[in-house]
Structures are given as structure tokens and as C-alpha cells.
Amino acid sequence: MTAKKNKYTVTDQHITKVTATAAGIVAAALLVWGVITIWNLYHYEETNDAQVQEYINPVISRAGGFIVTVNFEENQLIKKGDTLLVIDNREYKIQQEQTSSALLNAEAQLKVLQSNKHTLGQVALVSEAPIAAAKAKLLKQQQDFERCTALYEAESATRQQLENARANLDVALSDYEAAKHNYSASLSKVEDVKTQQEVILAEIKRLRALTERSKLDVTYTVITAPYNCRIGRRTIEKGQMIDAGQVLAYIVNNESDKWVIANYKETQIANMYIGEPAEIEADAFPGVKFKGQIISLSPATGSSFSISPPDNATGNYVKIVQRVPVRIKLTDARINTARLLAGMNVNVVIKKARQ
């Protein structure tokens, strides 16, 4: 019995105590971790399928030509209104001068037509006066013919006198008709000029529009920053030939707020609502917490917006838990969220709202 009692030395006893203590600590830690995990699972919805988003816009040229100057580098901070690049504008200025000259020519033609209209109007007034004289002469010849006819019937005038009176009446009638036709022709010429004026006015309107367009084309050769931003990827260089509509660079808007798109499982969104607060932690800054607020939930799952959405009616159906994009606005001050860059991975925790 004595030998058996001496089998466990003092060292073995200490090791046993240390091991038991360590096991107890580990068990207690696991218990605490399990309790915390269960607590978090019950009270919070968490996902690491989330990224920071902000507006990244392309700089697109509205005019083509050779690049004369490039005033930015990648990752450079740019203020609103700063000139980003300049395109050779000589061709556009020539086009502007041609259009302006055509406009001046049309305006000069309009002045000539206005002068012609005034002249023809005066001519029409002059041609109107003989109508009254011809009408008076016609009336006199009509009366003479009637008197001569009466005398001829009373055998007091010869047939030759009657024929002469008839001929004078026909001449007076012709003169009267000719005077009226001359006046009508004068008025027609005035109307023709008015029509020509309308054509010239339409042409002037068209040329003015072309002039404004050519001025715009000249302004398009200088590309400026639309807002305070940071330059992203640059794809052009001085001397390069570019086309209208070509992407020249990408800029990140520094004036707009950033947000997070958290792709939660469809089984996690039952207790989420707009306006609910969220806590965000970026992989790049562990331990730093950012505050957010849900501003919208997607009207469909992410796969529904893909180029080739799944079709479960094909017979190859395998149930997969879908994810629903949740948009979360960062509510911290902009200076605090400046370190968060678009595309960064973040972890999002949202407290479950109990009904």
C-alpha cells in the first residue's frame, strides 16, 4: 500500500492541478463564448458579405480631337471647376466662324428683302392710282355708248358713230382691267417677298441654333471637374486622339455620402425595417466601429438582377438560400468615414427588431 501511495509524486499532483485548472478555464471560456454567441444570434443579424459603396463616375468627352493638356494624375484630389484636360479646339472654332458668317449673310438678306418689300409696296400704291382713272374713263365711255345707242335707234346717229362708241367702250374696259391686273401683280410681288422673308427667318433661326451648338462644341473642348472629387484610374495621355463619348478617367465624388450594401440571407431580413440602426466594422480597420442606418431593402434578391437569373422551372432545381441587398447609410461625420474606400469589405451587425 505504501508503494502505491508513492506512485504519484508531488510533481504529478501539481501537473494534475494545473491541467484541471486550465481545462476549467477553457471550459468556462467556451461557455462564455457560447452564451455570447447564442445571445448575439438571438438579438442581432450579422453578415460579412458587405462592401462600402460610393458614386464612381466616368469622365466622358463630349468632343473629339487631340488632347493638348492633361492636368491631373491618378489619386489626385480635384476641386469643383478645376480644368482636367484641354482638347485642340481649332476645328471647332473654324466651324463656329463659318456658322456665324452664314448667320450674318442670312440677316443681310433679310434686310434686303425688307427694303424690297417697302419698294414694292410703294410701287403697288402707284399702280393703284390708274385704276380710278381707268374706271372713270370706262364710266364716261359707257355713258357715251348708251347715248349713241339711243340716238342710233332714233336715227339721229350713224352706224359708224355707234361702232366708234362701242370700240371706245371696249378700249376703256380693257384699260380698266389692265390697271386692276397691274395692281394685283404688284400686291403678289409684295406677298412673294413676305414669303421669302419667312424662309429667311426660318434659316436665321436654324443658323442661330447652329451657332449656339458650335459655341457649345468649343466649350466641350475644356473638360472641368463637376464637383469636388478624387481621380481614380486615368486612361489617356497628352497628344492622344480621342473620340466623343470616350471614357477618359474615373472620379470618386467627395461631396456625396457613402453607404454600405450588405447582402443578408433571406432568412435574416424578417425583422429588419427602414431606419433601423446598424454597426459597421471594416476589415481594414479592425476594432473601429462605424454607425449606419438602413435606408432601403432591395425589391428582389441579388440573383434576380444578374445577367442570367436562375430558372427553377428547368427541373434542375437545388434550393439555395438567396441574399437580399440591404442599403445602409453611414451616419458618421464625413471626416470619420473618409478612410472607408469604395469596395472595402465590412462586417455589418443589425439588431433584430422584435414585433
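Remarks
Residue-by-condition table, conditions (1) of a type in the set (A, V, I, L, M); (2) surrounded by 11 or more Cβ atoms within 10 Å (Cβ to Cβ); (3) closer than 30 Å to A225 by Cα; (4) in contact (Cβ under 8 Å) with a residue 12 or more places away in the chain:
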residue: K265; (1), (2), (3), (4): no, yes, no, yes
residue: P277; (1), (2), (3), (4): no, yes, no, yes
residue: S306; (1), (2), (3), (4): no, no, no, no
residue: G343; (1), (2), (3), (4): no, no, yes, yes
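- Flag for A313 being among the aliphatic types (A, V, I, L, M), out of contact with any helix residue (DSSP H, G or I) (no Cβ under 7 Å at 6 or more places or on another chain) and either surrounded by 13 or more Cβ atoms within 10 Å (Cβ to Cβ) or at pLDDT 80 or above (or both): no
Quick grid of which residues meet (1) more than 27 Å from the chain's Cα centre (by Cα); (2) among the hydrophobic types (A, V, I, L, M, F, W, C):
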| residue | (1), (2) |
| --- | --- |
| N253 | no, no |
| F285 | yes, yes |
| F290 | yes, yes |
| R323 | yes, no |
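- Restricting the first member to the range 177-189 and to residues that are touching a residue at least 60 places away in the same chain (Cβ under 8 Å) and assigned by TED's automatic domain parsing to the domain that holds N116, and the second to residues that are part of a helix (DSSP H, G or I) and not aliphatic (A, V, I, L, M), the beta-carbon pairs closer than 7 Å and six or more apart or on different chains are S186/S127.
- Test for I328: is it exposed (fewer than 13 other Cβ atoms within 10 Å of the Cβ) and either outside any helix (DSSP H, G or I) or touching an Asp or Glu at 6+ places or on another chain (Cβ under 8 Å) (or both): no
- Extreme residue, nearest to V349 (Cα to Cα), among residues of the range 240-276 that are of a type in the set (G, A, S) and in contact with a strand residue (DSSP E or B) (Cβ under 8 Å, 6 or more places away or on another chain): A262
- E237, sole failed condition from (1) acidic (D, E); (2) in contact with a Phe, Trp or Tyr (Cβ under 6 Å, 6 or more places away or on another chain); (3) assigned to a loop (DSSP other than H, G, I, E, B): (2)
- The one condition from (1) buried (at least 16 other Cβ atoms within 10 Å of the Cβ); (2) assigned by TED's automatic domain parsing to the domain that holds P130; (3) under 21 Å from the mean Cα position of the chain (by Cα); (4) not basic (K, R) that E203 does not meet is (3).
To keep it simple, each residue is scored yes or no on (1) farther than 15 Å from V59 by Cα; (2) touching a residue at least 60 places away in the same chain (Cβ under 8 Å); (3) among the polar types (S, T, N, Q).
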position	(1), (2), (3)
V218	yes, yes, no
V222	no, yes, no
I231	no, yes, no
Q240	yes, yes, yes
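- Index of the failed condition, I335 passing every other in (1) exposed (fewer than 10 other Cβ atoms within 10 Å of the Cβ); (2) more than 22 Å from R230 (Cβ to Cβ): (2)
The values are calculated or read from the model by the stated rules, or taken from the named source; none is laboratory data. None of the values given here were measured: they were computed from a predicted structure. A quick note on method: Cβ atoms are made from the backbone with ideal geometry, for glycine too, and the neighbour counts reach across all protein chains shown.
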